[in-house]
Amino acid sequence: MPDKLDKHEKLDKHDELDKHDKLDKHDKLDKHDKLDSDVQDERGAGTESSRESLARAESPREARARAVAEEGSLEASLEKNRLEQFQDISVSEALVLGLLNQDVRTFIGIFGHGSTDIAEVLRVYQAAGLLRMCNVRHETEASHAAAQLRWQYGQRAAVITSIGPGALHAFAGSLLAASNGLGIYYIFGDETTHNEGPNMQQVPRREQNLFARITSGMGGTYTLTEPRSVFTALKWGFAATRNPAREQPFFLLMPMNSQPRVITGCNLDELPRPRPIPRSRGMETAQYSLAAELIAAHERVVVKTGGGARDISPEVLKRLLDLTHAVYVHGPNVPGLLPDSDPRNMTVGGSKGSISAATTPWNMPTCSLP
């Protein structure tokens with residue numbers, strides 16, 4: 001009997017010890033959870049503190065980009081006093097803001113040591129959601145991509161390269177824009193204004209403005225040697241790339257030492273805004289009467305359109321063809337005004353000289369009024 005009691009006592013003690021162990025474990029777990037919670041709170045507080053310190057460390061450039069992004073435009077940011085009108089900004093940033101004003105929000109190209117300062121501005125403004133920078137593998141590819149965006153989708157883009165060979169690659173591709181009347185900005189790094197001597201990136205001749213002389217053969221050109229001339233450069237660029245009669249490429253040459261130079265008290269409201277350029281129109285009404293008489297006097301009439309007709313309504317063109325009983329030939333840079341399926345559309349004429357082989361056999365020899 002005593003032996004049985006001893007066994008029971010031992011079991012009771014064992015159960016008691018088990019209970020104590022479990023309670024101790026629960027206490028430890030509770031304490032551990034509390035420690036974890038405290039650590040997380042501290043980490044959270046640290047993160048918030050870090051965020052606040054990062055916000056406080058926002059650079060003036062980042063603040064400008066954020067204000068423009070939140071208000072939708074530079075003009076709105078100035079009107080709502082989100083930005084001060086006069087600020088100290090670099091030539092590179094003034095250029096980017098000016099291009100944004102002209103609705104140029106896509107940049108395509110390859111950076112190099114000749115364009116690093118502009119690249120940094122683009123990085124900040126892209127982070128703010130104001131623009132998109134597309135890196136490609138070849139500068140000619142960048143030029144063709146920008147031309148396609150303008151031609152097919154109506155988007156305005158800028159091609160950006162470094163100095164020297166990359167700029168020449170993009171320049172070769174600009175033939176597409178020049179031939180087809182497409183307004184595209186080309187931003188090229190250029191040799192410094194210090195004339196420090198020959199380097200492997202420039203044209204190997206002891207002369208000034210050699211790249212400007214090359215690019216001016218293809219379109220408008222401006223070399224930004226003086227920081228405050230950025231306003232004039234953007235005006236010239238707007239006039240070239242938005243010319244309603246015929247758009248053309250515009251080349252902005254950016255000397256490497258000019259890009260980071262600060263324009264003290266830059267008037268942000270002076271950066272050109274897009275304004276419609278009125279189309280020129282002949283005032284000699286007698287010429288219109290003469291044209292109408294000639295059309296009425298001939299039975300076989302050909303209507304040919306060029307780059308100036310790019311924005312004409314297809315309905316207006318169809319109405320003219322209906323009234324004149326004419327056939328239609330278009331220039332190489334204005335396809336699509338009339339569907340190819342239309343029996344009056346003789347397609348392109350003049351892409352391989354004054355008269356295209358495609359149109360010669362039928363309409364040109366037999367028409368009486370081209």
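The values are calculated or read from the model by the stated rules, or taken from the named source; none is laboratory data. Only a predicted model underlies this, so the values are computations on that prediction, with no experimental measurement involved. No Cβ is skipped: glycine too gets one built from the backbone with ideal geometry, and neighbour counts run over all protein chains shown.
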request  = Among the residues of region 100-119, write down those that are part of a helix (DSSP H, G or I) and surrounded by fewer than 23 Cβ atoms within 10 Å (Cβ to Cβ).
outcome  = LEU100, ASN101, THR116, ASP117, ALA119
ask   = Among the residues of region 306-315, which ones are modelled with pLDDT of 85 or more and closer than 23 Å to LEU182 by Cβ?
value = SER313, PRO314
Complete set of residues in region 161-208 that are over 19 Å from GLU247 (Cα atoms) and of a type in the set (A, V, I, L, M, F, W, C) = ILE163, ALA167, LEU168, PHE188, MET200, VAL203
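So that you can scan it fast, the table gives a plain yes or no per residue for (1) within 24 Å of ARG261 (Cα to Cα); (2) in contact (Cβ under 8 Å) with a residue 12 or more places away in the chain; (3) not acidic (Asp, Glu):
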position	(1), (2), (3)
ALA142	no, yes, yes
ALA145	no, yes, yes
ASN180	no, yes, yes
PHE188	yes, yes, yes
THR193	yes, yes, yes
LEU210	yes, no, yes
LEU224	yes, yes, yes
VAL230	yes, yes, yes
inquiry  = I'd like the full set of residues that are in a helix (DSSP H, G or I) and either over 16 Å from GLU270 (Cβ atoms) or among the polar types (S, T, N, Q) (or both), limited to region 233-254.
reply    = ALA239, ALA240, THR241
query = Can you tell me which of VAL159, VAL230 is surrounded by 15 or more Cβ atoms within 10 Å (Cβ to Cβ), in a helix (DSSP H, G or I) and on the phi < 0 side of the Ramachandran plot?
reply = VAL230
message = Could you tell me how many of the residues in region 120-138 are closer than 13 Å to ALA158 by Cβ and touching a Ser or Thr at 6+ places or on another chain (Cβ under 9 Å)?
response = 6
note = Residue hits (region 120-151; surrounded by fewer than 15 Cβ atoms within 10 Å (Cβ to Cβ) and either under 30 Å from ALA63 (Cα atoms) or in contact with a Phe, Trp or Tyr (Cβ under 8 Å, 6 or more places away or on another chain) (or both)) are ARG123, ALA127, GLY129, ARG132, CYS134, ASN135
remark   = Residue hits (region 177-198; more than 27 Å from PRO332 (Cβ to Cβ) and in a loop (DSSP other than H, G, I, E, B)) are GLU191, THR192, THR193, HIS194, ASN195, GLU196, GLY197, PRO198
ask   = When you go through ASN199, ASN243 one by one, which is the residue that is within 19 Å of the chain's Cα centre (by Cα), modelled with pLDDT under 95 and either within 23 Å of GLY308 (Cβ to Cβ) or of a type outside the set (Phe, Trp, Tyr) (or both)?
value = ASN243
ask   = Of all the residues that make up region 163-220, how many are surrounded by 23 or more Cβ atoms within 10 Å (Cβ to Cβ) and among the polar types (S, T, N, Q)?
value = 2
query = What number of residues within region 262-314 are surrounded by 12 or more Cβ atoms within 10 Å (Cβ to Cβ), out of contact with any helix residue (DSSP H, G or I) (no Cβ under 9 Å at 6 or more places or on another chain) and either among the β-branched types (Val, Ile, Thr) or assigned by TED's automatic domain parsing to the domain that holds PRO244 (or both)?
reply = 1
